[in-house]
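The values are calculated or read from the model by the stated rules, or taken from the named source; none is laboratory data. What you are looking at is a predicted structure, and each value in this text was computed from that prediction instead of being measured. Positions of Cβ are generated from backbone atoms using ideal geometry, with glycine treated the same way; all protein chains shown enter the neighbour counts.
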Amino acid sequence: MDKQKQQNQIENLKKLKEIVEISKFDTLQKLEKANKISRRFLDVAFVSKEMINLARSKYNIKNKQIKKYKSKPIRNIWIFITPEKEILTTNIVKFSKILFNNYNHKNDYLICIGFAASKFAKKNNYETIFVDEKITGLEDKIGNLLTKMVLSNEVDKITFLLDSSRSTKGRINIFPIEELDIKYSNSSKILNEKQVFYPSIISCIDTLLSIYVSKITHALIIETRFYYLKEKLIKNENSIKNIDKLIDLKQKEVNKANIKKNTEELIFMTQLAKRGTKND
């Protein structure tokens, strides 16, 4: 391969690297934004949870909405969330198996959001109370639906199935609140024993529970996008590393060719000098 062609390849690789770096920068910005929004919602949700626990402890409240009671069978609502695009991962297969093994068709409810989740429900004839191939813009709708079902005692348990950095299982329980299993450290410390619940303890608990379910639903739906943004970032970083390796390899080939050419020229000049000396 001639030198000019190799040099053109190097320049093309450098241009490709610039494009990937722009994509990486854009992904980093989206990640930072998604993380801030998710943490804000989680902060509010965890404060609401702590206030519910405080009210229950202080006033010895025994309410079906805030305390787990044994009921047969337990009515579980499953929220299966996958990316909007057609992306197949081993976790999606795992979530499908969880539903196959645990979903009670007589008593449970199912919400499917995202391309693969929607396709799963349709393919396997699952009856859903809500289904949509998209994710963006559904936070309020899903949050309001879950809140309504919790406050009206239609469900005993809420389980999310989604890719999240806050759970290694991918299976996240948010209700009953005692079963919340999200990895998160809440920095908000505003509670004390003198907290006043107004106008009544029951209405306050209903309000706090509504906030808790709504905000944690917002956070988890955003978390799905956050997770795949991190996957995209990893792919961008790997692409940049591979492009750098190719550039380095091509540059070595060019350098090797230059050395060979210079060596040949040096040998030729040396031979010409020797011939000139003999002629003298």
(request) Determine, yes or no, whether Ile174 is assigned to a loop (DSSP other than H, G, I, E, B) and hydrophobic (A, V, I, L, M, F, W, C). (result) no
(request) Could you please give the count of residues in the stretch 144-163 that are closer than 11 Å to Ile111 by Cβ and without any contact (Cβ under 8 Å) to a residue 40 or more places away in the chain? (result) 1
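Yes/no matrix, rows are residues, columns are (1) in contact with a Ser or Thr (Cβ under 6 Å, 6 or more places away or on another chain); (2) surrounded by fewer than 16 Cβ atoms within 10 Å (Cβ to Cβ); (3) at pLDDT 80 or above; (4) not acidic (Asp, Glu):
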{"position": "Leu13", "(1), (2), (3), (4)": "no, no, yes, yes"}
{"position": "Asp26", "(1), (2), (3), (4)": "no, yes, yes, no"}
{"position": "Phe46", "(1), (2), (3), (4)": "no, no, yes, yes"}
{"position": "Glu50", "(1), (2), (3), (4)": "no, no, yes, no"}
{"position": "Ser71", "(1), (2), (3), (4)": "no, yes, no, yes"}
{"position": "Ile77", "(1), (2), (3), (4)": "no, no, yes, yes"}
(request) Sort out which residues of the stretch 122-148 are modelled with pLDDT under 90 and surrounded by 20 or more Cβ atoms within 10 Å (Cβ to Cβ), and write them in order of number. (result) Ile135
(message) I'd like the full set of residues that are exposed (fewer than 14 other Cβ atoms within 10 Å of the Cβ) and among the polar types (S, T, N, Q), limited to the stretch 232-253.
(response) Asn238, Asn242
(message) Report every pair of residues separated by at least 6 positions or lying on different chains whose Cβ atoms are under 6 Å apart, first residue within the stretch 110-129 and farther than 18 Å from Lys141 by Cα, second at pLDDT 90 or above and assigned to a loop (DSSP other than H, G, I, E, B).
(response) Ala121/Thr128
